[in-house]
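Following: one structure in structure tokens, then a few remarks.
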Amino acid sequence: MLHTASVWLTTTLGVKRYICVCHPLKAKTWCTMKKTLRWIGAIFLVACLPQLYLYLDDYPLAVEIPSAVEANKTVSSCKWVSLIKNQETRSVVYTVYFWYLAIAVNFIPCVTLVVMNVLLIRAMRQAEKRRVELLRQNRRRASRRLRESTSTTLMLVIVVSIFLIVEIPLGIARILSSPQFRYIPVGLGSILEFFISFNDPFIFVVYCTMSKKFRNSLKQLLTPSCRRDTSPEAEEQNI
């Protein structure tokens, strides 16, 4: 559930950054705080609902079974049972659930983020050309703001690239282990799970290293007693 939410939160972040950089006028409509909170709520809701399948597939049931050690004695044990009794129906439900993960959690987000990354990199190159032109016109303040915006975009491109390095192999491995293929190299699943667990902390380090605004926001979150300086000079430094 949390992995699915993380995937779509990253995808939403990439799309919103693309809108802010390439369509700044539309950003005032699509990238408001109110709509962002709605998207976050919807993502977690959609991430939770499909996992209900896991409760239908298998759950433990307490049973009494004959002891394998002592005759005429029973011991407490448990067995896994499914709410879906028909094996064919269970197979169909599992296949639908599996391909939902492969398409909605791996394929669509990865393709979307690859496209967004390409567009953002192109926008960064164009922004660098504009920044050089602004410097020639001695418009240093505008040039500095453009450089700061480009730095934020670069940070997101790095974060998305790290994300894709892990998620694309996971998507391929998931397809290879599908009911239609049922092939996955031994140990590959464990390796990918390790990198997934390592991925998010590494991205957190990237945010802390490259974004002063993120560091300041994190500090305010962890130390609520710390008053925020809302002066124009402070806000400018936080960018």
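The values are calculated or read from the model by the stated rules, or taken from the named source; none is laboratory data. For clarity, every value in this text was computed on a predicted model and none was experimentally measured. Every residue, glycine as well, gets a Cβ built from its backbone with ideal geometry; the counts of neighbours run over all protein chains shown. For accessibility, only protein heavy atoms count, side chains too; no ligands or nucleic acids. Shrake-Rupley method; radii C 1.70, N 1.55, O 1.52, S 1.80 Å.
Numbers below:
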{"item": "Top positive-direction residue, dipole computed over the chain with Cβ charges, set Cys208, Val63, Val93", "result": "Cys208"}
{"item": "Partners for Lys34 among lysines (Cα-Cα distance below 30 Å; same-chain residues under 8 apart left out)", "result": "Lys16, Lys26, Lys212, Lys213, Lys219"}
{"item": "Once exposed loop trypsin sites (Lys or Arg not before Pro) are cut out (DSSP; at most 14 other Cβ, 10 Å), longest piece of the chain", "result": "1-72"}
{"item": "Chymotrypsin sites (Phe, Trp or Tyr not before Pro) restricted to the range 114-223 and DSSP loop, no more than 12 other C-beta within 10 Å", "result": "Phe181, Tyr183"}
{"item": "Residue-normalised accessible area of the chain, given per residue in Å² at a 1.4 Å probe", "result": "68 Å²"}
{"item": "Cα-based convex hull, the chain, per residue volume (Å³, whole number)", "result": "203 Å³"}
{"item": "Carbon + sulfur, % of accessible area of the chain - ligands and nucleic acids excluded, 1.4 Å", "result": "66 percent"}
{"item": "Stretch gain in nm, segment Val111-Arg38, where the contour uses 0.36 nm per residue and the Cα spacing is subtracted", "result": "23.9 nm"}
{"item": "FRET efficiency for Phe198 and Glu70, using Cβ-Cβ distance with R0 set to 41 Å, rounded to 0.05", "result": "0.30"}
{"item": "At R0 = 41 Å, FRET efficiency that the Cβ-Cβ distance of Leu218 and Arg144 yields, to 0.05", "result": "0.95"}
